[in-house]
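First the structure, in the form of structure tokens, and then the observations on it.
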Amino acid sequence: MLKEKTLRQQQKLASFCRTNILDDDLLVRKDRVHHYRRLVFNIILDMMETMYPISMKLFPEGEWEQLIHRFFANYKCTDPQVWKMPRFLSDYIKTGEKEILVRYPFLPDLLVMEWKELEWFTNEDLEWAEINSDISSSEKRICFYFPEHELLILDYPVYRKEGPDFWKSNPGKYFLLVYRHPESRKVFYQEVDALSCFVWESIKEGKNKAVIISELNDLLIQQKLNNRFKAEFIFEKVWDDFLKLRLLKIQ
């Protein structure tokens with residue numbers, strides 16, 4: 001158990017490393033303590049630059065470093081693991097950087113997309129999950145889905161190659177599938193639509209094929225696009241697409 005005085009000194013030193021503001025009561029050599037701040041901040045800055053190469057290029061020289069300084073000084077990260085700190089940058093910008101949001105309203109989405117690539121690349125390997133349904137066919141073969149994926153809902157199409165001007169001028173609702181290939185282990189992105197998301201989540205839940213088509217048809221009716229054939233077509237397309245992505249398999 002640390003003594004109270006020692007704990008307070010550690011907290012003051014940590015605060016200095018974060019804010020670059022030196023407390024007069026910190027019992028260190030004032031002519032050398034700046035090296036602590038420099039070393040710690042350089043680690044954080046290098047980590048952010050490695051994590052967010054696309055986002056960083058949006059900013060003029062020096063402005064990105066100032067943003068990371070403000071983030072490091074002001075945002076209270078809730079995860080003790082340093083390598084996970086970058087994932088909080090998006091939250092910080094949404095709540096603490098209004099001027100940047102005016103210039104780059106798509107930036108939180110871009111940061112999330114870049115972070116997810118590392119997150120899924122470093123996640124632990126997961127086993128195939130069985131789908132508890134006779135959804136594949138009347139042959140009642142066993143179906144599995146690969147769980148190493150995530151569906152993101154974005155406000156801007158930051159995954160498209162057109163660039164910042166295009167992203168900014170096309171707000172909306174976009175659905176992005178982030179997944180790790182079961183063989184190569186590489187992380188990929190795939191744009192999908194809302195109906196495909198509904199079908200895919202229903203498949204994973206183990207809903208019967210007829211039930212999924214019926215519920216999908218109800219959605220199409222609500223959108224005044226009702227057509228039983230269209231509902232069946234959408235289901236079959238999603239089924240085929242996810243088989244091709246290797247996120248679905250039948251045994």
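Whose amide H sits under 5 Å from the amide H of Tyr104, counting only residues 5 or more places off or on another chain, with H placed in the peptide plane?
The list, which skips near neighbours in sequence, is empty: none.
Taking H placed 1.01 Å from N in the peptide plane, check which residues at least 5 places from Glu191 or on another chain put their amide H under 5 Å from its amide H.
Leu177
Of Lys94/Lys173; Lys94/Lys116; Lys168/Lys237, which ones are farther than 21 Å apart at the Cα?
Details: Lys94/Lys173 18 Å; Lys94/Lys116 18 Å; Lys168/Lys237 31 Å.
From Lys94/Lys173; Lys94/Lys116; Lys168/Lys237, over 21 Å: Lys168/Lys237.
Applying the Karplus parametrisation 6.51 cos²θ - 1.76 cosθ + 1.60 with θ = phi - 60° to the phi angles of the stretch 216-222, what ³J(HN,Hα) value in whole Hz is obtained for each residue in order, glycine and proline being reported as x?
5, 5, 4, 5, 5, 4, 4
Quote to one decimal, in nm, the extra length available between Glu183 and Arg103 on full extension: 0.36 nm per residue of separation minus the C-alpha distance between them.
24.8 nm
Calculate, for Asp91 and Ala210, the FRET efficiency according to 1/(1 + (r/R0)^6) with r their C-beta to C-beta distance and R0 45 Å; round to the nearest 0.05.
After rounding, the FRET efficiency stands at 0.60.
Can you tell me which of 54-65, 96-107 comes out highest on packing, and rank the rest after it, using the mean Cβ neighbours within 10 Å?
96-107, 54-65
Could you pull the Rg and Dmax for the stretch 105-251, using just the Cα atoms, both in Å?
My reading of the Cα-based Rg and Dmax gives 16.6, 51 Å.
Below 14 angstrom from the Cβ of Pro53, what's the summed charge of the other residues (Lys, Arg +1; Asp, Glu -1)?
-3
Through the Karplus equation 6.51 cos²θ - 1.76 cosθ + 1.60, θ set to phi - 60°, convert the phi angles of the stretch 111-122 into ³J(HN,Hα) values in whole Hz; use x for Gly and Pro.
Each residue's phi maps through the Karplus curve to give 5, 4, 4, 5, 5, 4, 4, 5, 4, 6, 5, 9 Hz.
Which distance in Å, rounded to a whole number, links the C-alpha centroids of the stretch 179-232 and the stretch 109-134?
18
At a Cα cut-off below 25 Å, give the lysines reachable from Lys3, other chains included and same-chain residues fewer than 8 away excluded.
Lys12, Lys30, Lys76
Subtracting the Cα-Cα distance from 0.36 nm times the residue separation, let me have the gained length for Lys3 to Lys224 in nm, one decimal.
Working it through step by step, the gained length comes to 72.6 nm.
Just so you know, all these numbers are worked out from the coordinates, no wet-lab data involved. Bear in mind that the values here come from a model prediction, so they are computed numbers and not experimental data. Note that we place each Cβ from the backbone using ideal geometry, even for glycine, and neighbour counts take in every protein chain shown.
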